[in-house]
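Below is one structure, written out as structure tokens; the observations come after it.
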Amino acid sequence: MAAVFLVTLYEYSPLFYIAVVFTCFIVTTGLVLGWFGWDVPVILRNSEETQFNTRVFKKQMRQVKNPFGLEITNPSSASITTGITLTTDCLEDSLLTCYWGCSVQKLYEALQKHFYCFRISTPQALEDAVYSEYLYQEQYFIKKDSKEEIYCQLPKDTKIEDFGTVPRSRYPLVALLTLAHEDDREIYDIVSMVSVIHIPDKNYKLSCRILYQYLLLAQGQFHDLKQLFMSANNNSTPSSNSSPEEKSIDRSLLEKAGLSESEVDPPEENSKDCVVCQNGTVNWVLLPCRHTCLCDGCVKYFQQCPMCRQFVQESFALCSQKEQDKDKLKTL
């Protein structure tokens, strides 16, 4: 009966057909554009809008005190033949053990053994883990809280001038920092630090630098220590004096060795100002790009890093609100 009524109405009123088509058009348009409170279909969004609406996860961080510090003094003068000067800064009495020509494969097998088998908390433990696959070893005692400069050099009687062509089977230098006293190993979560150092020679002239640093924990984990890229320039940090030609040579050598330039570049000059508001203190690290450029007030508005435009997958705070309040009280 209803169908007969509609057919009759259509025959006597062509405007009914027009009204039905117009109503369907309005409803479809409303659904597509979200007039009724529903989300826009993904097919109509571009990739940036889709990524922008993804949730940025905040990492739960646990503060751990690192008793070890190591850096290269005057890296431009370091070479296989002339040696290298290392500066240590340790919170406790420590041992610095340098392994020249350490096997690449054995070193990473040793890190896996630290995780699965036994803890590398002493130089002897590392030597056992790498099966003494190194060319020369030297050891130094580091006093607590003393920034000592340690000069390391291969003996001339070894007659080693280079470690071959890239890719190499041996690292030029692996520096191991361990706590000297057994009682101190019960205090710290971090029991040792392994630094892989590149030193230029006649075959591979990439400038001297720390390639990797691994923090070994008493529980068996080990973590690759990464530098953070701060937001802006500051005169407090000396800038590099390398010429553009030297930088281009270093870049090509890094690519040849299979290393990304961002992983091994010297620390960037830094500032404490947020790049967005220029007022708040930088406190948030964005991952995976590791740019540290946002304050507590601005971080919630960004799903992309304002420095490199990479999408942020995770982020974490350098210090909690309580720690910031304590710092403010100290300055007053």
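Worth a mention:
- Accessible surface of residue 62 - all protein chains present, 1.4 Å probe, nearest 10 Å²: 150
- Over the range 68-224: Rg over Rh, Cα atoms, Kirkwood Rh: 0.95
- Estimated FRET transfer efficiency (residue 118, residue 149; beta-carbon r; R0 22 Å; 0.05): 0.10
- Applying a DSSP loop filter and a limit of 13 other Cβ atoms within 10 Å to the chymotrypsin sites (Phe, Trp or Tyr not before Pro) in the range 107-205 leaves 118, 131.
- What the Cβ-Cβ distance of residue 224 and residue 28 gives, at R0 = 41 Å and to the nearest 0.05, is a FRET efficiency of 0.15.
- Here the dipole of the range 62-146 is about 260 debye; that uses its Cα centre as origin and unit charges on the Cβ of Lys and Arg (positive) and Asp and Glu (negative).
- Annotation: residue 29 carries an accessible surface of approximately 30 Å², with a 1.4 Å probe and no ligand, DNA or RNA atoms counted.
- Amide H to amide H distances under 5 Å link residue 142 with 94, 95, 96, where only residues 5 or more positions off or on other chains count and H is placed in the peptide plane.
- Paramagnetic reach from residue 301 (point 7 Å along Cα→Cβ, amide N under 19 Å) across the range 274-291: 274-286
- Ligands, DNA and RNA aside, residue 225 has an accessible area near 80 Å² when probed at 1.4 Å.
- Net charge of neighbours whose Cβ lies under 12 Å from the Cβ of residue 202, counting Lys and Arg as +1 and Asp and Glu as -1: -2
- Taking a sphere under 11 Å around the Cβ of residue 183 and counting the other residues whose Cβ falls inside, with K and R at +1 and D and E at -1, yields a net charge of -4.
- The portion of the accessible surface of the range 68-224 made up by carbon and sulfur, rounded to a whole percent, is 48 (1.4 Å probe; DNA, RNA and ligands excluded).
- When the Cα positions of 223, 146, 208 are compared along the charge dipole of the range 103-242, 208 comes out farthest toward the positive end, with charges on each C-beta of Lys, Arg, Asp and Glu.
The values are calculated or read from the model by the stated rules, or taken from the named source; none is laboratory data. Given the structure is predicted, the values throughout are model-derived calculations rather than measurements. All Cβ positions, even for glycine, are placed from backbone atoms using ideal geometry, and neighbour counts span all protein chains on display. Heads up: the accessible areas ignore ligands, DNA and RNA and are worked out on the full protein's heavy atoms, side chains in. Shrake-Rupley method; radii C 1.70, N 1.55, O 1.52, S 1.80 Å.
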